[in-house]
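**Q** Before I ask anything, here is the structure I am working with.
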Amino acid sequence: QVQLVESGGGLVQTGGSLRLSCAASGRAFSDYAMGWFRQAPGKEREFVSVIGWNVWTTYYADSVKGRFTISRDKAKDTVYLQMNSLKPEDTAVYYCAASPPRRGPTPRLIYDYDYWGQGTQVTVSS
């Protein structure tokens, strides 16, 4: 019943752009922080970005800062990740995740998140 479904992945050339979407259903996530993680072949899952229940609260991994932008539309229960200036090292499966409301630092660890999507593949050709 509770689902996070990613879409928008695909194949793009170096320097290109993609816009990922994450549609949530099954429960209200308006007071959750929503994050994006990615996992490349042979590597561990890593944090990419997060946006809080307050849409003005965002955080980015150093590797994507200045290139990626996270946003959310609470009315549509949808989170987005705009990815610009893509590099081959951005190639990975991208996962959407939801972190329950709490006081403290912006959640950046996989352990902070309770709900996960199935992922969408992003491939950046050299």
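The values are calculated or read from the model by the stated rules, or taken from the named source; none is laboratory data. Since we're looking at a predicted model, the values are computed, not measured. Neighbour counts are summed over all protein chains in view; Cβ atoms, including those assigned to glycine, are modelled from backbone coordinates with ideal geometry. Areas reflect the complete protein model, heavy atoms only, side chains present, ligands, DNA and RNA absent. Shrake-Rupley method; radii C 1.70, N 1.55, O 1.52, S 1.80 Å.
**Q** When Lys and Arg each count +1 and Asp and Glu each count -1, what net charge do the other residues less than 14 Å away from Tyr59, Cβ to Cβ, add up to?
**A** Net charge around Tyr59: 0.
**Q** Provide the gained length on full extension for the span Thr69 to Arg27, in nm with one decimal, where the gain is 0.36 nm per separating residue minus the Cα-Cα distance.
**A** Contour length minus Cα-Cα distance gives 12.6 nm.
**Q** With the Cα gyration tensor of the chain in hand, convert its eigenvalues to equivalent ellipsoid semi-axes via √(5λ) and list them largest first in whole Å.
**A** 23, 15, 14
**Q** While we're looking at this one, here's another question. Compute the length gained on full extension between Thr14 and Thr123: take 0.36 nm times their separation in residues and subtract their Cα-Cα distance, giving the result in nm to one decimal.
**A** Roughly 38.3 nm would be gained on extension.
**Q** Additional query: Straight-line reach from Lys43: which lysines fall under 28 Å, measuring Cα to Cα and dropping same-chain residues less than 8 apart?
**A** Reachable lysines: Lys65, Lys87.
**Q** What does the convex hull of the alpha-carbon atoms of segment 68-126 project to on average, in nm²?
**A** Its Cα hull, projected and averaged over all orientations, spans 5.1 nm².
**Q** Tell me, how many Å apart are the Cα centres for segment 1-16 and for segment 38-98?
**A** One Cα centre to the other: 11 Å.
**Q** Pick out which of Leu11, Leu86, Leu20 has the largest mean-square fluctuation in a Gaussian network model of the chain, springs linking Cα atoms closer than 10 Å.
**A** With Cα springs under 10 Å in the chain, the top fluctuation among Leu11, Leu86, Leu20 is at Leu11.
**Q** Hand me the chymotrypsin sites (Phe, Trp or Tyr not before Pro) from segment 40-116 located in a DSSP loop with no more than 15 other Cβ atoms within 10 Å, in residue order please.
**A** Counting only loop positions with at most 15 other Cβ atoms within 10 Å, the chymotrypsin sites (Phe, Trp or Tyr not before Pro) in segment 40-116 are Trp53, Trp56.
**Q** In whole percent, how big is the carbon plus sulfur part of the accessible area of the chain, probe 1.4 Å, protein atoms only?
**A** Carbon plus sulfur share of accessible area: 48 percent.
**Q** Eigenvalues of the Cα gyration tensor times 5, then square-rooted: what semi-axes does that give for segment 1-69, in whole angstrom, largest first?
**A** 22, 16, 13
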